[in-house]
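This report concerns only the one structure given below.
The values are calculated or read from the model by the stated rules, or taken from the named source; none is laboratory data. Keep in mind that what you see is a predicted model, and the values were worked out from it rather than measured. All Cβ positions, even for glycine, are placed from backbone atoms using ideal geometry, and neighbour counts span all protein chains on display.
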């Protein structure tokens, strides 16, 4: 099982990205605003007209029927805008749409598992309009998990969550990776990426600026080059914090 | 079958025989079995009731599909400009004096088909991004105002006062004096249209999550757009062809039904079709019963009188974030 892209390019937004993603691991995509993170994620999911190739399990993604692609790759867009005030359960059940004709017990089991994984059981019948931001973000992730994708591509699922909720959701994503799913997630919070991702891909102006394990890809020198800020990592591994470097240059 | 679908179905089964008995002449099913009553029943009221079911069902489902497609509770099948284009076709047939029992609905269906073709052409150019949908909707509104302008032109240049009054009266929309032939004209396109909308149901559900997420779930935006144009065009076109312009059904019914469903567009389609059929059946009966000195209240006028305040109340509710 693998997901890889070669020379993936979208005019004006992505300039030839080559990368390889591993199943069972959390890969964080980081980069300054406008670096092409969301574009890369959408192109990996096969949702944007792009040049270059995305290869899913040895097969070019563009050649796959859309139903197969939808079953293999779960995509969570950045905008959590839901048109209708669905209940949590109904929202999660939409994740089953690619599995037309699957037996009903299987669908029910997948929906139950997704709801349980994200700790949404008490909120199951609550309408989205009555959820807090953190609960809503969890419900949106559960929607994707209900489709049991082999790859989970999430665009800033932690955006606008407070620390506790962000940590809980990140833990859920890691647990999903531990079950064998390949998780690719756009993260704005560099400390979150440093401490919790298995590998990191840093984008800058549409191209890969660094890639590898977090300590290497998010090294202070890389941050200085890509984000153009002088920063320092503090604390032990797995619990690092980022601070602006206040010392005079 | 969901609970609201079952309830609406039961209400329809109850309302249908009552609507056949109600009118200027009340029919007593237990005594008055004379030939006269039978003629009224079979030749006048039964086709009228059947048309209410066909037209109302089509408009209700089209409204539910439009709201799902545009992800907006204020969307109405009228937005695509299909109803005014069908009306323009009908007006042209009246203007040309070619309005036979068959010519008028066929002209109207041709008008609806022209609008659908134009929409499909524009959709092909607008692309399938979400900006494309906005452009496409604006194009529909342009078609609507163009058809409206051409109708005004036809009215102002009408060849005779008789044609003028005929056009104006027809535009108000009604089910009075319709025959089984009208049912035969409207039913097949409506059934086809409903089938197209039902085929779009899953894609409309996916669209709840937004354009990108819908595509990630395997939705083909082109296919969806085609099904929605065909479904709304056929149902609304057939409705206008036999009943004239009957507004607000497609806006009101999905709204009234939605709170009783799980709010997915797919669960709204069938229940809105049933709700639309029930609304037209009951409204047509009430129009028939209302004691007016001359003739009867036109159905289209009655529903607009009901619909406009409803729309306003809906806007105010949405502003308060309650809908």
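Structure summary
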{"quantity": "Condition met for residue B:279 (crowded, with 21+ Cβ neighbours inside 10 Å and either touching a strand residue (DSSP E or B) at 6+ places or on another chain (Cβ under 6 Å) or within 30 Å of residue A:89 (Cα to Cα) (or both))", "calculated": "no"}
{"quantity": "Options B:297, B:312: the member that is surrounded by fewer than 24 Cβ atoms within 10 Å (Cβ to Cβ), part of a helix (DSSP H, G or I) and modelled with pLDDT under 90", "calculated": "B:312"}
{"quantity": "Residue check, residue A:223 over 26 Å from residue A:102 (Cβ atoms) and touching a strand residue (DSSP E or B) at 6+ places or on another chain (Cβ under 7 Å)", "calculated": "yes"}
{"quantity": "Boolean, residue B:234 is touching a residue at least 40 places away in the same chain (Cβ under 8 Å), within 14 Å of another protein chain (Cβ to nearest Cβ) and in contact with a helix residue (DSSP H, G or I) (Cβ under 6 Å, 6 or more places away or on another chain)", "calculated": "no"}
{"quantity": "2 or more residues modelled with pLDDT of 90 or more, within 12 Å of chain A (Cβ to nearest Cβ) and buried (at least 16 other Cβ atoms within 10 Å of the Cβ): qualifying helices (runs of 4 or more DSSP H) within region B:125-229", "calculated": "B:201-207, B:211-216"}
{"quantity": "Filtered residue count, region A:183-227, keeping only those that are assigned to a strand (DSSP E or B) and at negative phi", "calculated": "15"}
{"quantity": "Residue count, region A:128-150 (criterion: more than 18 Å from the chain's Cα centre (by Cα), surrounded by fewer than 16 Cβ atoms within 10 Å (Cβ to Cβ) and not in a loop (DSSP other than H, G, I, E, B))", "calculated": "2"}
{"quantity": "Check on residue A:53, touching a residue at least 12 places away in the same chain (Cβ under 8 Å), closer than 17 Å to residue A:145 by Cα, touching a helix residue (DSSP H, G or I) at 6+ places or on another chain (Cβ under 9 Å) and surrounded by fewer than 21 Cβ atoms within 10 Å (Cβ to Cβ)", "calculated": "no"}
{"quantity": "Yes/no for residue B:243 being surrounded by 23 or more Cβ atoms within 10 Å (Cβ to Cβ) and farther than 30 Å from residue A:40 by Cα", "calculated": "yes"}
{"quantity": "Subset of region A:49-92 that is assigned to a helix (DSSP H, G or I) and closer than 14 Å to residue B:213 by Cβ - its residue that is farthest from the other protein chains (Cβ to nearest Cβ)", "calculated": "A:92"}
